[in-house]
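The next block holds one structure in the form of structure tokens; read it before the comments.
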Amino acid sequence: MATYNKRGYKAPKPKEENEFEPDPIDAISEKDSTTAGVFNSLDEGASRTEEWVAKNQKGIFIVIGAVALLAAGYLLYKKFIVEPKEEDATNVMFQAQKHFQEATDSQDPKVSDSLYALSLKVSEGQPGFIQIAEDYSGTDAANLANYYAGMAYLNTKKYKEAIDYLEKFSSDDMILSVVAKGAIGDAFSQLNQPKEALEYYIKASEMNQNDVTTPRFLLKAGQTALVLKQKEAALKYFTEIKEKYETAPEAMNIDAMIGLAQ
């Protein structure tokens, strides 16, 4: 019988002796070898770390001890020096705050000026805001004394002193911090320094925005911008009051102010 190959059919080539398939066991062994190498590297790194720690053990303990000592010292300082000083400052400030409040409530300008002056200086054996700010520096009470002193000076027309003390004051209080910035603007305005006044009015209007202080200082910023002939800026501040704070007292005549800025 005759034999033939189908067209296109190719007989498979016999495998060469050199060709071989990788043994699964060898592949696993290689993987295990790689893993072992990684662990060996880690072990070597750990060993080097242990050697470094052992070599520098004394220095490490000194650093740890110093940090612990500083932490303990700070806690003791705060408990036995700062806290008693804070409490003492708060107690001695009572009389000065009393004079300040009476001055604010008084309808007589002369009486108010006299009471503000008393709040600033020693009165009835108690220190005023100026001395409290100096003697209790670093306490919250001294920081607050700077605010009171600045406002007392502002109300007694001593504007440079007002700026000095208000700039020393800082607070996280949402209203007080804004009022202090705006008061610095008022002091500069009274000193006929509108450029500086505008700078602080803008800062006050941008801080902790709310329905009480924001429109107040936007209005002052707009009015000061008009003095500086910055009509475009003034229009911006007045428009913001109209659009965002229409129920605020500052919005009552805002259309007239907008007309001046246009």
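The values are calculated or read from the model by the stated rules, or taken from the named source; none is laboratory data. Bear in mind the structure is a predicted one, so any value in this text is a computation, not a measurement. For neighbour counting, all protein chains shown are included, and Cβ atoms are generated from backbone atoms with ideal geometry for every residue, glycine included. Only protein heavy atoms, including side chains, enter the accessible area calculation; ligands, DNA and RNA are left aside. Shrake-Rupley method; radii C 1.70, N 1.55, O 1.52, S 1.80 Å.
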**OP:** Report the full-extension gain for the segment residue 170 to residue 113: residue separation times 0.36 nm, less the Cα-Cα distance, to one decimal in nm.
**Re:** 18.0 nm
Original post:
Averaged per residue, what accessible surface does the range 91-243 expose to a 1.4 Å probe, in Å²?
Top reply: 52
Original post:
What is the spin-label model distance, in nm, from residue 247 to residue 206 if the labels are put 7 Å beyond Cα along the C-beta direction?
Top reply: 2.8
**OP:** Could you tell me the distance between the Cα centroids of the range 199-262 and the range 87-123, to the nearest Å?
**Re:** 33
Original post:
Where the Cα atoms of the range 113-262 are projected onto their three principal axes, how long is each span, largest first, in whole Å?
Top reply: 56, 28, 23
**OP:** Give the relative contact order (percent, whole number) for the range 132-262; include only Cα pairs under 8 Å separated by 6+ residues.
**Re:** 14
Original post:
For the cross-link pairs 98/244; 98/229; 110/229; 157/244; 98/160, which exceed 31 Å when the distance is taken from alpha carbon to alpha carbon?
Top reply: 98/244; 98/229; 110/229; 157/244
Subject >> Of all accessible heavy-atom area on the range 132-262, the percent that carbon and sulfur account for (1.4 Å) >> reply: 47
Subject >> Per-residue ³J(HN,Hα) for the range 120-135, Karplus 6.51 cos²θ - 1.76 cosθ + 1.60, θ = phi - 60°, Hz, x for Gly and Pro >> reply: 7, 10, 4, 9, 6, x, 10, x, x, 4, 4, 5, 4, 4, 7, 6
Original post:
What nm distance separates the two modelled labels at residue 255 and residue 232, each placed 7 Å from Cα along Cα→Cβ?
Top reply: 2.7
Subject >> Whether the range 75-199 is rounded, prolate or oblate, judged on the alpha carbon gyration tensor where a/c under 1.5 counts as rounded >> reply: oblate
